[in-house]
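Peer 1: Please find one structure pasted underneath; my questions will follow.
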Amino acid sequence: MEKTPLKVLFVINHKAGDQKKLDVKKIIDQHSKKHHYQYNHCLMDEDDLEAKISRELTNYQPDIIAALGGDGTVSLVSSLIYKTNIKLVIVPFGSANGMAKELQIPEDFNNSLDLIVKGKCVEIDLLKVNNEVSIHLADIGINARIVKRFQMDKKRGLLTYAKHLFFEVFILKTHRFKIESDGNNIKTKAFSLTFANATKYGTGAVINPTGKLNDGFFEICIVKPFPKWHIFKISWQMFNNTLAYSEFFEVLRCKKSLITCSKKSTLQVDGEIIGKVKEIELEILPKALKVMIDKNLIHPTLVN
């Protein structure tokens, strides 16, 4: 019997990255013909993107969905296919591409497309944050406010992020939090709480040194109040993966948690601003998503 061709749905965020230099549809067409798979594409050009992608999934019934965009695109697609047999291929085309870097996805467009036919499928955890699905990182505090500033800026890239980080240093705010997790109750002051399935931001700064993507746990990473001048040392430790040694840093390993904030604060999930909240419910979704990765690489954030 003749084998049924692989069916791939491309979800394309045409506003992400600098795609003007590439004829994306032409490259996809050439790649599909070379590797003998069928494909369809879904452009993210409507307000109700979730409904549009859901319709395409129902009508086309793909084996693989390829998310061409940044962390927001990857997160949206993941929220629609988790706990199904549809596999995810990440094609990094965003400003930071944090999850792509986490999984060592090639930055080259053609090489990332090769994961469709040459990649290895692994199952990773997802994190549920106030009913939003997070594949990467969510947080409240300094980084969430930077993300909010970043979204309002017309410019993109690491320099723009660094600019907003610089301004945020002068208005660092301390919040009080009550953390209930797996039977433990903790009260703490912090500049930020990061709810991490992954280990690092798209900038490469490591916020969760011990994180694994498929261990059935997530981490609450607490950055405690520190003298303002210490921001440079904290940043250095994050980029050198030595934050675990800081006296201003603590990690809690959890499966479920309820966070209560002293006042409403901005929450971001995978680079998307959710809004100001006072409570955050967190729950790990073990091995909920199938992702294609390079089978020839060692992935230190995955449990073998």
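Read the figures in this text as sums done on the coordinates, not as results from a lab. Note that the coordinates shown come from a computational prediction; the quantities given were computed from them, not determined experimentally. Quick reminder, even Gly has a Cβ in these numbers, built from the backbone with ideal geometry, and neighbours come from all protein chains shown.
Peer 1: How many angstrom lie between the Cα centre of segment 72-143 and the Cα centre of segment 260-304?
Peer 2: Each part reduced to its Cα centre gives a spacing of 10 Å.
Peer 1: Which links in 7/128; 34/87; 33/87 stretch past 22 Å when you go from one Cα to the other? Don't skip to the answer; put the middle values down first.
Peer 2: On the way: 7/128 29 Å; 34/87 20 Å; 33/87 20 Å.
Long pairs (Cα-Cα over 22 Å): 7/128.
Peer 1: On to the next question. If you take the C-alpha gyration tensor of segment 1-107, multiply each eigenvalue by 5 and take the square root, what semi-axes do you get, largest first, in whole Å?
Peer 2: Details: eigenvalues 85, 59, 40 Å².
In descending order the semi-axes read 21, 17, 14 Å.
Peer 1: How much length is gained on full extension from residue 23 to residue 4, taking 0.36 nm per residue of separation minus their Cα-Cα distance? Let's see the in-between values first.
Peer 2: Values: separation 19, 0.36 × 19 = 6.84 nm, distance 2.81 nm.
Gain in length upon complete extension: 4.0 nm.
Peer 1: Now a separate question. To the nearest 0.05, how large is the calculated FRET efficiency for residue 278 and residue 51 if R₀ is 35 Å and r is the Cβ-Cβ distance? Let's see the in-between values first.
Peer 2: Values: r = 29 Å, r/R0 = 0.84.
Taking R0 as 35 Å, the efficiency between residue 278 and residue 51 is 0.75.
Peer 1: OK, next. Only residues of segment 88-112 count here: report those whose backbone N is under 20 Å from the spot 7 Å along Cα→Cβ of residue 118, or say none.
Peer 2: What the label zone holds, given the 20 Å backbone N cut-off, is 88-93, 100-112.
Peer 1: Please sort by residue number the GluC sites (Glu not before Pro) in segment 233-303 whose DSSP state is loop and whose Cβ has at most 10 other Cβ atoms within 10 Å. Numbers along the way, then the final one.
Peer 2: Details: sites: 247, 250, 272, 279, 281, 283; in loops: 247.
Here the GluC sites (Glu not before Pro) that fit, given the DSSP loop and packing criteria, are 247.
Peer 1: Using a simple spin-label model with points 7 Å from Cα along the Cα→Cβ vector, what separation in nm is obtained for residue 246 and residue 188?
Peer 2: Modelled inter-label distance: 1.2 nm.
Peer 1: Please label the shape of segment 181-281 as rounded, prolate or oblate, based on the square roots a ≥ b ≥ c of the eigenvalues of the alpha-carbon gyration tensor (a/c under 1.5 means rounded; beyond that, a/b larger than b/c means prolate, else oblate). Walk me through the numbers on the way to the answer.
Peer 2: Values: a/c = 1.41, a/b = 1.21, b/c = 1.17.
Since a/c stays below 1.5, the shape of segment 181-281 is classed as rounded.
Peer 1: What angle, in degrees between 0 and 90 and rounded to the nearest 10, separates the Cα long axis of helix 71-81 from the longest principal axis of the Cα atoms of the chain?
Peer 2: Around 70 degrees separate the two axes.
Peer 1: By its C-alpha gyration tensor, with a ≥ b ≥ c as the square roots of the eigenvalues, how is segment 235-292 shaped: rounded for a/c under 1.5, else prolate for a/b larger than b/c, else oblate? Please list the in-between numbers first.
Peer 2: Numbers: a/c = 1.59, a/b = 1.12, b/c = 1.42.
In terms of gyration-tensor shape, oblate.
Peer 1: If you line up the long axis of helix 49-60 against the longest principal axis of the chain, both from Cα atoms, how many degrees apart are they, to the nearest 10?
Peer 2: Helix 49-60 sits at roughly 30 degrees to that axis.
Peer 1: I would also like to ask the following. Pop a pseudo-label 7 angstrom from the Cα along the beta-carbon direction at both residue 264 and residue 35 and give the gap in nm to one decimal.
Peer 2: About 4.6 nm, to one decimal.
Peer 1: Once every DSSP H run of n ≥ 4 in the chain is given -39500 (n - 2.57) and the sum is divided by its residues, what mean residue ellipticity at 222 nm do you get, rounded to the nearest 500 deg cm²/dmol? Write out the running numbers ahead of the final one.
Peer 2: On the way: 9 runs with 81 residues, N = 304.
When only DSSP H runs of four or more count, the value is -7500 deg cm²/dmol.
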